[in-house]
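Colleague: Supplied in structure tokens, the structure appears directly below.
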Amino acid sequence: MLKAKILFVGPCESGKTVLANFLTESSDITEYNPTQGVRILEFENPHVTSNSKGSGCEFELWDCGGDTKFESCWPALMKDAHGVVIIFNADIPSHRKEIEMWYSCFVQQQFLQDTQCLLIAHHKPGSGGDKGRLSLSPPLNKLKLVHSNLEDDPEDIRMEFIKYLKGIINSMSESRDREEMSIIT
């Protein structure tokens, strides 16, 4: 059974924990409490399998605190990560600049492919959530960007996340198959 490690990173108060709980069907949090370091949620998704035989997959979702005071912990968090989801509050202009740093640290410096990264522009309840085209600077403008609003369209973000997980698992399966073939030949 494949096990994938996915990091949720981004600025403080962007909605990482709320989305992590929703997408893993964990408990609801009603009040804001900043994540200290990291929270690890383990889950399975019946819609994501590793091959045509339908063998299941396990996921570890690492909900990483957005405060840069935890920067010394980042190398340990990044170790063996298969994917990175960068979450930001689209209604806070400074978050758009901050996500460049998150992308640089967690994707580029780890030599992850852009397909292993997902950008989520999270709209908090009551924000109105303008889903218009966000202008992001390169290389962020090449990444898959989805909007999330758990009030208006919660299933949209769930379906996008499942598609992302399927891509990660396909990539892991192909890599494992190549490794097995290199051993055989």
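Colleague: With respect to ASN33, is the statement that it is buried (at least 19 other Cβ atoms within 10 Å of the Cβ) and modelled with pLDDT under 85 true?
Modeller: Numbers: buried (at least 19 other Cβ atoms within 10 Å of the Cβ): no; modelled with pLDDT under 85: yes.
So ASN33 does not fit the description; no.
Quick grid of which residues meet (1) part of a helix (DSSP H, G or I); (2) closer than 27 Å to PRO138 by Cα:
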position: TYR32; (1), (2): no, no
position: TRP62; (1), (2): no, yes
position: ILE86; (1), (2): no, yes
position: HIS95; (1), (2): yes, yes
position: TRP102; (1), (2): yes, yes
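Colleague: Specify which of the listed residues (SER55, SER72, SER50) is at pLDDT below 90 and either open to solvent by 20 Å² or more (accessible area, probe 1.4 Å) or of a type in the set (Asp, Glu) (or both).
Modeller: Details: SER72 fails: at pLDDT below 90; SER50 fails: either open to solvent by 20 Å² or more (accessible area, probe 1.4 Å) or of a type in the set (Asp, Glu) (or both).
Answer to the selection: SER55.
Colleague: Okay, moving on. Take the residues in segment 84-101 that are touching a residue at least 60 places away in the same chain (Cβ under 8 Å) and not hydrophobic (A, V, I, L, M, F, W, C); name whichever of them is surrounded by the fewest Cβ atoms within 10 Å (Cβ to Cβ).
Modeller: Taking segment 84-101 first, the residues touching a residue at least 60 places away in the same chain (Cβ under 8 Å) are 84-89, 92, 94-95, 98-99.
Then drop every residue that is not not hydrophobic (A, V, I, L, M, F, W, C), which leaves 89, 94-95, 98.
On the way: ASN89: 20, SER94: 10, HIS95: 22, GLU98: 18.
The selected residue is SER94.
Colleague: Let me ask something else. Restricting the search to segment 16-28, which residues are open to solvent by 10 Å² or more (accessible area, probe 1.4 Å), more than 21 Å from ASP80 (Cβ to Cβ) and free of Cβ contacts under 8 Å to residues at least 40 places away in the same chain?
Modeller: GLU25, SER26, SER27, ASP28
Colleague: Search segment 126-185 for residues being of a type in the set (A, V, I, L, M, F, W, C), open to solvent by less than 70 Å² (accessible area, probe 1.4 Å) and assigned to a helix (DSSP H, G or I), and hand back the single one that is modelled with the lowest pLDDT. Give the derivation first.
Modeller: Of all residues in segment 126-185, those of a type in the set (A, V, I, L, M, F, W, C) come to 134, 136, 140, 143, 145-146, 150, 157, 159, 161-162, 165, 168-169, 172, 181, 183-184.
This time we only want the ones that are open to solvent by less than 70 Å² (accessible area, probe 1.4 Å), so: 134, 136, 140, 143, 145-146, 150, 157, 161-162, 165, 168-169, 172.
The next check asks that each one be assigned to a helix (DSSP H, G or I); those that pass are 140, 157, 161-162, 165, 168-169, 172.
Working: LEU140: 93, ILE157: 94, PHE161: 95, ILE162: 93, LEU165: 94, ILE168: 94, ILE169: 92, MET172: 89.
Residue satisfying both the conditions and the ranking: MET172.
Colleague: Quick check, is GLU13 out of contact with any Phe, Trp or Tyr (no Cβ under 6 Å at 6 or more places or on another chain), acidic (Asp, Glu), closer than 17 Å to LYS163 by Cα and surrounded by 13 or more Cβ atoms within 10 Å (Cβ to Cβ)? Outline the logic, then answer.
Modeller: Numbers: out of contact with any Phe, Trp or Tyr (no Cβ under 6 Å at 6 or more places or on another chain): yes; acidic (Asp, Glu): yes; closer than 17 Å to LYS163 by Cα: no; surrounded by 13 or more Cβ atoms within 10 Å (Cβ to Cβ): yes.
No: the conditions fail for GLU13.
Colleague: Here is a check on your reading of the model: is ASP114 open to solvent by 40 Å² or more (accessible area, probe 1.4 Å), more than 17 Å from THR24 (Cα to Cα) and in contact with a helix residue (DSSP H, G or I) (Cβ under 8 Å, 6 or more places away or on another chain)? Before you say what the answer is, go through the steps one by one.
Modeller: On the way: open to solvent by 40 Å² or more (accessible area, probe 1.4 Å): yes; more than 17 Å from THR24 (Cα to Cα): yes; in contact with a helix residue (DSSP H, G or I) (Cβ under 8 Å, 6 or more places away or on another chain): yes.
Against the criterion (open to solvent by 40 Å² or more (accessible area, probe 1.4 Å), more than 17 Å from THR24 (Cα to Cα) and in contact with a helix residue (DSSP H, G or I) (Cβ under 8 Å, 6 or more places away or on another chain)), ASP114 qualifies.
The values are calculated or read from the model by the stated rules, or taken from the named source; none is laboratory data. For clarity, every value in this text was computed on a predicted model and none was experimentally measured. Note: ideal-geometry Cβ built from the backbone for every residue, glycine included; neighbour counts use all protein chains shown. Heavy atoms of the whole protein, side chains included, go into the accessibility calculation; ligands, DNA and RNA do not. Shrake-Rupley method; radii C 1.70, N 1.55, O 1.52, S 1.80 Å.
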